[in-house]
Amino acid sequence: MGTTADKPLPVMLSAMQPSNRLTLGNYLGALRNWTALQSQYECLFFAVDMHAITVRQDPERLREETFRVIATYIAGGIDPERATLFVQSHVPEHAELAWLLSCSASFGELRRMTQFRDKSEKQESVSVGLFTYPVLMAADILLYRTNLVPVGHDQKQHLELARNLAERFNNAFSTDAFIVPEPYIPEVAARIMSLRDPTSKMSKSDPDPNSAIYLDDTDKKMRKKIRAAVTDSGDSIGYDESKPGVRNLIEIQAALSGETPQQVVERYVGKQYGHLKVDTGDMVAETLGPIRDEIERIMGDRGELQRIVARGAQRARQRANVTLQAAFDAVGFVRRS
């Protein structure tokens, strides 16, 4: 596994948080692309439960949703025989490397992280974990000598920090312990927008449940939410930045059908917004409905899920230990006996 006829496959890594219900945006902007890339890369996908606890979580719900993330990967098309699927907290090397990297990161560059500023403004008490979240994310990436990281636009700043820390560490200690990772951002549907406020990203933490299509929504609910999606007062269907609601529905269709946005628009010449909404709702339900049902089937076999994440953690730790030891050697730590 993980090789072509003449050389090893490059490494691709990504993850999802188990703190909220996953959305159509998570599927189109992330999971669907991962599935398409898994034959081209040595893939590692995991549930970031350590990141989730930067804000208080209900323990039982966190455990349940962590399993659900892994089940969603599999139902969405990730092959656990081909890719490494695991839970972040099952690989302690993540925390160990995060400490090493935190000693190279500066207070100023972490304070400038846009997500930290946005989230901290909404909370009365801000944890140190939320502040250092990007360093743990950098450790997640660098630990596996990752070549490619699929990221949304809101994570590009965090990936840039990981790149800077890798270069800084390698230069400071004259080592090649870390590979400097590159981003992968799909051209279509990398950023699915809210159905209620199409100028904002579709978010699994949005307090308005009608703003997002969730993977566990019923087919009826998916269609209803799309029909109620905010558009504008016009009736001409075009891929126009001045019409973000219509543009969002076109991008959703393009991602689901494999067409370009312009090809989608051509199918609606002379038609009105209602046609676009009905067709988009049907396409979403037809795509996500089977995935939702498969997630529930997989969640019903907890023993198999436990076996998958245990095997994945073992694979991940074998790879992680090599990188961590190289970093420990570089800084001068005494080797463990």
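Of the residues that sit in the stretch 263-301 and are assigned to a helix (DSSP H, G or I) and hydroxyl-bearing (Ser, Thr, Tyr), which one is surrounded by the fewest Cβ atoms within 10 Å (Cβ to Cβ)? Within the stretch 263-301, the match that is surrounded by the fewest Cβ atoms within 10 Å (Cβ to Cβ) is 287. Could you tell me whether residue 194 is among the hydroxyl-bearing types (Ser, Thr, Tyr), more than 21 Å from residue 264 (Cα to Cα) and either in contact (Cβ under 8 Å) with a residue 24 or more places away in the chain or not assigned by TED's automatic domain parsing to the domain that holds residue 142 (or both)? No: the conditions fail for residue 194. When the stretch 156-208 is filtered for residues that are of a type in the set (Lys, Arg) and within 25 Å of residue 35 (Cα to Cα), the ones remaining, listed by number, are 156, 163, 191, 201, 204. Quick test for you: out of 293, 301, 279, pick the one residue that is without any contact (Cβ under 8 Å) to a residue 40 or more places away in the chain and within 30 Å of residue 140 (Cβ to Cβ). Being without any contact (Cβ under 8 Å) to a residue 40 or more places away in the chain and within 30 Å of residue 140 (Cβ to Cβ) holds for just one of 293, 301, 279, which is 301. The set of residues in the stretch 186-241 that are within 16 Å of residue 277 (Cα to Cα), at pLDDT 90 or above and among the polar types (S, T, N, Q) comprises 194, 210, 211, 231. Take the conditions crowded, with 18+ Cβ neighbours inside 10 Å, in contact with a strand residue (DSSP E or B) (Cβ under 9 Å, 6 or more places away or on another chain) and at pLDDT 95 or above and apply them to residue 308. Does it pass? Criteria met by residue 308. Taking the listed residues 235, 197, 217, 206, the one that is exposed (fewer than 15 other Cβ atoms within 10 Å of the Cβ) and not in a helix (DSSP H, G or I) is 235, with no other qualifying.
Return a yes/no flag: does the stretch 171-180 have any residue that is assigned by TED's automatic domain parsing to the domain that holds residue 101, assigned to a helix (DSSP H, G or I), of a type outside the set (A, V, I, L, M, F, W, C) and surrounded by 15 or more Cβ atoms within 10 Å (Cβ to Cβ). Scanning the stretch 171-180 turns up no residue that is assigned by TED's automatic domain parsing to the domain that holds residue 101, assigned to a helix (DSSP H, G or I), of a type outside the set (A, V, I, L, M, F, W, C) and surrounded by 15 or more Cβ atoms within 10 Å (Cβ to Cβ).
Filter the stretch 38-57 for residues that are closer than 13 Å to residue 19 by Cα and either surrounded by 14 or more Cβ atoms within 10 Å (Cβ to Cβ) or modelled with pLDDT of 95 or more (or both) and give the result. Scanning the stretch 38-57 gives 47, 48, 49, 50, 51, 52, 53, 54, 55, 57. Taken together, the criteria exclude residue 324 from residues that are outside the structural domain of residue 79 (by TED's automatic domain parsing), over 21 Å from residue 70 (Cα atoms), aliphatic (A, V, I, L, M) and in a helix (DSSP H, G or I).
Quick check on the stretch 138-159: of everything there that is among the charged types (D, E, K, R) and modelled with pLDDT under 95, which residue is nearest to residue 321 (Cα to Cα)? Taking the candidates together, the pick is 156.
The values are calculated or read from the model by the stated rules, or taken from the named source; none is laboratory data. Note that this is a predicted model, so its numbers are computed, not measured. Every residue, glycine among them, receives a Cβ derived from its backbone with ideal geometry; neighbour counts consider all protein chains shown.
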